[in-house]
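Heads up: the structure comes next, in structure tokens.
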Amino acid sequence: MDFILQPWPWYITGPLLAIVMFLLIYFGKTFGMSSNLRTFCAMAGAGKKSDFFKIDYKTQKWNLMVVFGAVIGGFIAHFFLSNETNIQLNPHTIEKLQSFGFENIGKALVPPEIYNWDAVFSIKGILILVIGGFLVGFGTRYAGGCTSGHAITGLSNLQIPSLIAVIGFFIGGLIMTHFILPLIF
């Protein structure tokens with residue numbers, strides 16, 4: 001059981017990911033979570049309103065299983081396989097986050113100052129969710145896929161647009177971390 005509870009080393013997870021990607025490429029499939037949003041909308045009948053959603057969603061059943069597996073796996077991992085361990089962060093990161101008003105840094109994977117119900121139902125929390133959700137949705141559509149699709153599938157297929165998108169994701173993350181986050185908090 002200790003083997004499951006600890007993070008797996010790269011030499012196990014890397015080859016497992018490579019095997020999955022090889023199988024997807026072999027069977028002509030692509031992996032990505034954002035494509036499932038289109039599938040869900042098509043299943044709900046959005047094709048009646050927009051041609052973008054006029055797809056045969058039945059061909060994407062396998063990818064929907066990936067979503068359900070991720071949700072169920074996340075639930076099992078969080079509630080049954082989690083260790084209560086502190087996250088080791090750089091002291092400069094801790095100092096910077098404390099200057100933004102964050103407390104108990106490293107005690108949880110996500111800070112409760114952003115990810116608890118009180119924060120969500122505040123004006124700032126709602127604005128962060130709405131604006132952030134719009135930007136993520138717009139960016140995903142504009143980039144032609146999400147981070148998992150480009151970084152895992154696209155780079156595995158040696159696609160230049162995916163390399164450009166992944167570089168953009170990193171640049172966006174740096175801008176958010178160093179310029180926008182200090183403005184929000």
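Can you tell me which residues in segment 8-61 are assigned to a loop (DSSP other than H, G, I, E, B) and either under 19 Å from residue 155 (Cβ atoms) or touching a strand residue (DSSP E or B) at 6+ places or on another chain (Cβ under 7 Å) (or both)? Matches in segment 8-61: 27, 28, 29, 30, 31, 32, 33. Within segment 108-133, being loosely packed, with under 13 Cβ neighbours inside 10 Å, over 19 Å from the mean Cα position of the chain (by Cα) and not acidic (Asp, Glu) holds for 117, 121, 122, 123, 124, 126, 127.
Just one residue in the set 11, 57, 26 is hydroxyl-bearing (Ser, Thr, Tyr) and open to solvent by less than 90 Å² (accessible area, probe 1.4 Å); that residue is 57.
Note on segment 95-107: among residues that are open to solvent by 50 Å² or more (accessible area, probe 1.4 Å) and closer than 17 Å to residue 185 by Cβ, the one that is modelled with the lowest pLDDT is 104.
The values are calculated or read from the model by the stated rules, or taken from the named source; none is laboratory data. From a predicted model like this one, the values you see are computed outputs, not experimental measurements. Reconstructed Cβ throughout: ideal geometry from the backbone, glycine too, with neighbour counts over all protein chains shown. Only protein heavy atoms, including side chains, enter the accessible area calculation; ligands, DNA and RNA are left aside. Shrake-Rupley method; radii C 1.70, N 1.55, O 1.52, S 1.80 Å.
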